[in-house]
Amino acid sequence: MPVMLDESVKQQVSQRFTDMKESVTIRVFSTKDHCLLCNEMLDLVEQVGKLSDKITIKHCDCNENDPEMKKYGITDHPALAIEGDEDYGIRFYGVPAGKEFTTLIESIMLVSSKDPILAPEIKEMLKKLQKDVNLKVFVTLQCPYCPAMVLRAHKLALASDKVSAEMIEASQFAELASKFDIFGVPNTIINNGKGSVEGLVTEDVLVKAIFQALE
């Protein structure tokens, strides 16, 4: 079932995009093999891409052995990578519709601005990271608190080349959610289970949890 944006939403997003500073590329990863939502993902992103001439859409209809998938560390479909003049490790797994549509738009704005808008002490803590950190933020499309948590994770990814952050729609990736015992959302898994943070928390709480997980 295609996700169709109505005209009022398109107008709001177009208006939001007038504040874009730098160009953004959205890479869509899909496959013809057993991917029920790949067409919906591509359709949604193409609609969004038409709302600003600063957005470029690149589509990889590819399997797990494709060099493009390996380059971007994409492990499943459908997936998105949002990058500016470099790749900041900002990812979406699953169609960012419902309440996560806002997350998609604001993540585009985040990458375009190149400014994570973090407190100075958070930036200083991130500079001390010695190891790579992956954040998997499990969400559902109805969850009112999930968009803010995903954006906080994406901000950390933008601020530090040691951090990558993924939105994962729990119902679309039920097997992965089950692997990490996800029962409530948002739930942020740090480095594949070395740590976790349940609920919506501030950036400093998330960063402290990251350092605890790395100990």
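Computed from the coordinates by the stated procedures, all read-outs in this text should not be read as laboratory data. Quick caveat, the model's predicted, so the values are computed rather than measured. Using ideal geometry, Cβ is built from the backbone for each residue, glycine included, and neighbour counts are taken over all protein chains shown.
Comparing LYS179, LYS71, LYS54 in a Gaussian network model of the chain, where Cα atoms under 10 Å apart are tied by springs, the biggest mean-square fluctuation is seen for LYS71.
Which value in deg cm²/dmol, rounded to the nearest 500, describes the helix-derived mean residue ellipticity at 222 nm for the chain, given -39,500 (n - 2.57) per DSSP H run of n ≥ 4 and division by the residue count? Please report the intermediate quantities before stating the final value.
Working: 8 runs with 82 residues, N = 215.
Helix contribution divided over all residues of the chain: -11500 deg cm²/dmol.
In order along segment 127-138, the Karplus-derived 3J(HN,Hα) couplings, from 6.51 cos²θ - 1.76 cosθ + 1.60 at θ = phi - 60°, round to 5, 8, 5, 9, 10, 5, 10, 10, 10, 10, 9, 7 Hz, and Gly and Pro are given as x.
State the dimensionless ratio Rg/Rh of the chain (Rg: radius of gyration of Cα atoms; Rh: Kirkwood radius).
Values: Rg = 16.3 Å, Rh = 17.3 Å.
In the chain, Rg relative to Rh is 0.94.
Lys and Arg at +1, Asp and Glu at -1: add these up for the other residues within a Cβ distance under 14 Å of ASN39 and post the number.
That works out to -4.
So what is the relative contact order of the chain, in percent, for Cα pairs below 8 Å that sit 6 or more residues apart?
Working: 392 pairs, mean separation 38.6, N = 215.
So the answer I get is 18 percent.
Taking every DSSP beta bridge with both residues inside the chain, roughly what % is antiparallel (nearest 5)?
If we restrict to bridges inside the chain, about 50 percent are antiparallel.
Residue separation times 0.36 nm, minus the C-alpha to C-alpha distance between ALA148 and ASP204: what's the value?
Extra length available between ALA148 and ASP204 comes to 18.8 nm.
May I ask you to derive the relative contact order of segment 7-113, considering only C-alpha pairs under 8 Å and at least 6 residues apart, and to give it as an integer percent?
Rounded, it is 34 percent for segment 7-113.
For segment 120-214, take the alpha-carbon Rg, divide it by the Kirkwood Rh, and send me Rg/Rh. Mind dumping the intermediate values first?
On the way: Rg = 12.5 Å, Rh = 13.1 Å.
We get a ratio of 0.95 for segment 120-214.
Largest GNM mean-square fluctuation among ALA148, ALA81, ALA174, using the chain with Cα springs under 10 Å: ALA174.
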